[in-house]
């Protein structure tokens, strides 16, 4: 039975997930997803090896990824998922692996396999079960990476994730050229995330990125002046 690839639920509480992750974009994606890769050798001599792998597959199918912030609109996430569907081919037929979110737009979930989904792998041999599990994990990881590397995600990330933004600027504090580029990227991201070209309040900019210009205070005031004259910052 073919399922919708992506659903926006009005009642996300109806779906329970085995694994909940809040992404930290200062760390590698793979280490945060807590996926269990298996090998043939892991189950040698185990009488219940088929049941164990099926249980692992069921657990791995259920994953909720929290962003820690919300997209500006539902359309932002819809664009990303549409691009993801076009770019990444799922390993199994019929949209067996479906995605869901809710109206908060601050998370994405891999829908747990139900009774009908389990029929797809219930009678597979040991080798195919191992392949199925690991292909499932690779696909989930590829999807999460695609989402987090998408331009729409990145512009929200730098403007809405204060821990990521702090680390991003901190890495370049002592390099005035790199710091200027960071400031330019931040200003572009604010406009892209909101979707309008309205000027940003000066006190907002000072509060979010001003602390990173302690080594180059004159540069910061030059940038503020430049973007004020351009109409992108207002007093």
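Sort through 110, 116, 71, 92 and tell me the only one that's surrounded by fewer than 16 Cβ atoms within 10 Å (Cβ to Cβ) and more than 22 Å from residue 39 (Cα to Cα).
116 is the lone residue from the list that is surrounded by fewer than 16 Cβ atoms within 10 Å (Cβ to Cβ) and more than 22 Å from residue 39 (Cα to Cα).
In the stretch 216-234, the count of residues that are in contact (Cβ under 8 Å) with a residue 24 or more places away in the chain, within 30 Å of residue 107 (Cα to Cα) and either outside the structural domain of residue 67 (by TED's automatic domain parsing) or part of a strand (DSSP E or B) (or both) is zero.
Restricting to the stretch 66-117, name every residue that is part of a helix (DSSP H, G or I) and touching a helix residue (DSSP H, G or I) at 6+ places or on another chain (Cβ under 7 Å). Spell out the reasoning first.
We begin by selecting, within the stretch 66-117, every residue part of a helix (DSSP H, G or I); these are 74-87, 115-117.
Once the filter is applied, which keeps residues that are part of a helix (DSSP H, G or I) and touching a helix residue (DSSP H, G or I) at 6+ places or on another chain (Cβ under 7 Å), the stretch 66-117 yields 76, 79, 80, 84, 87.
Can you tell me how many residues in the stretch 125-159 are over 14 Å from the mean Cα position of the chain (by Cα), without any contact (Cβ under 8 Å) to a residue 60 or more places away in the chain and closer than 15 Å to residue 96 by Cβ? Even if it seems obvious, please write down each step before you answer.
Of the stretch 125-159, the ones over 14 Å from the mean Cα position of the chain (by Cα) are 125-138, 159.
Narrowing the set further to residues that are without any contact (Cβ under 8 Å) to a residue 60 or more places away in the chain leaves 125, 128, 131, 135, 138, 159.
Then drop every residue that is not closer than 15 Å to residue 96 by Cβ, which leaves 128, 131, 135, 138.
Residues flagged as over 14 Å from the mean Cα position of the chain (by Cα), without any contact (Cβ under 8 Å) to a residue 60 or more places away in the chain and closer than 15 Å to residue 96 by Cβ within the stretch 125-159 amount to 4.
One residue stands out among those in the stretch 168-183 that are closer than 15 Å to residue 155 by Cα and touching a residue at least 24 places away in the same chain (Cβ under 8 Å): the one that is farthest from the chain's Cα centre (by Cα), which is 183. Scoring residue 125 on the criteria (1) surrounded by fewer than 17 Cβ atoms within 10 Å (Cβ to Cβ); (2) over 19 Å from residue 37 (Cβ atoms) leaves a single failure, condition (2).
The values are calculated or read from the model by the stated rules, or taken from the named source; none is laboratory data. All values reported here derive from a predicted model rather than from experimental measurement. As a convention, Cβ positions derive from the backbone with ideal geometry for all residues, glycine included, and neighbour counts pool all protein chains shown.
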